[in-house]
Amino acid sequence: MLKHFTKEELEEKYRKERNPRIKEKLLAILLLYDGKNIYEVGEIIRRSERAIKEWLKRWNRENYGGIMPETSKRGRKPRISSEEWYKKDKILMEIEGKAMTLKEVTVYVKTTRGVEYAYKTVWATLRKKF
C-alpha cells in the first residue's frame, strides 16, 4: 500500500469530506493505514473484499483522485455535440431570430441534421443555452 499522505493528513481529509461515497473509501484507506487487512476492513465497513481491493488498487495508482467517483463515463453520448448546437453558424445561429416552437425546432433539426430528438431533449438543450 502506498502512503500518499501522512495519517494525520488523511484523517483531516476524511473529516472534511462531504461526499459519503468518498468518505467511505477514505475510511477504508485509513483502516488499511492502521494495519488492518483487506478482509477486516471489508467486515468493518460491510463491503466485499473485491471492492476494497479495487479501491486500494486505484488509490495506489492514482492517489486521492483514484477514489473519486467516475462520473464522466455515465450516460449516452449525444447524437449532436454541444459544439454543433452552440457554435457560431450552427443550429442555434440558424434558428435565432425566428419565432419557432420547440416542435418546429425538433422538426428543423431532423430535416437539416437527420437526427430525431425528443421534445424534452430539445427543450433541455435550448434551456442550457438560454
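Each reported figure results from applying straightforward, stated rules to the coordinates on display, with no laboratory input. Quick caveat: nothing in here was measured; it's all calculated off a predicted structure. With ideal geometry, Cβ positions are generated from the backbone for all residues, glycine too; neighbour counts draw on all protein chains shown.
Please give the net charge around Tyr108, taking every other residue with its beta carbon less than 10 angstrom from that of Tyr108, where Lys and Arg add +1 and Asp and Glu add -1. Write out the running numbers ahead of the final one.
Details: positive: Lys98, Lys103, Lys110, Arg113; negative: Glu94, Glu104.
Every neighbour counted, the sum reads +2.
Just to confirm a number: summing +1 for Lys and Arg and -1 for Asp and Glu over residues other than Lys23 whose beta-carbon lies under 10 angstrom from that of Lys23, what do you get?
On the way: positive: Lys13, Arg15, Lys16, Arg18, Arg21, Lys25; negative: Glu17, Glu24.
That sum, taken over residues with Cβ under 10 Å, equals +4.
When you take every Cα atom in the chain, what is the radius of gyration, and what is Dmax, the widest Cα pair distance, in Å?
Every Cα atom of the chain included, Rg and Dmax give 23.6, 67 Å.
Hey, rough spin-label estimate for Glu96 and Arg61, points 7 angstrom out along Cα→Cβ, what's it come to in nanometres?
4.4 nm
For Arg58, what is the net charge nearby, where nearby means another residue's Cβ is under 12 Å from its Cβ and Lys, Arg count +1, Asp, Glu -1? Each step should come with its number before you reach the end.
Details: positive: Lys25, Lys53, Lys57, Arg61; negative: Glu54, Glu62, Glu70.
Net charge in that neighbourhood comes out at +1.
Name the residue from Ile67, Gly42, Ile95 whose Cα lies farthest towards the positive end of the charge dipole of the chain, charges +1 on Cβ of Lys and Arg and -1 on Cβ of Asp and Glu.
Ile95
Over the stretch 7-67, calculate the relative contact order: mean separation of alpha carbon pairs under 8 Å at least 6 apart, over the residue count, as a percent.
Working: 36 pairs, mean separation 15.9, N = 61.
About 26 percent, as a whole number.
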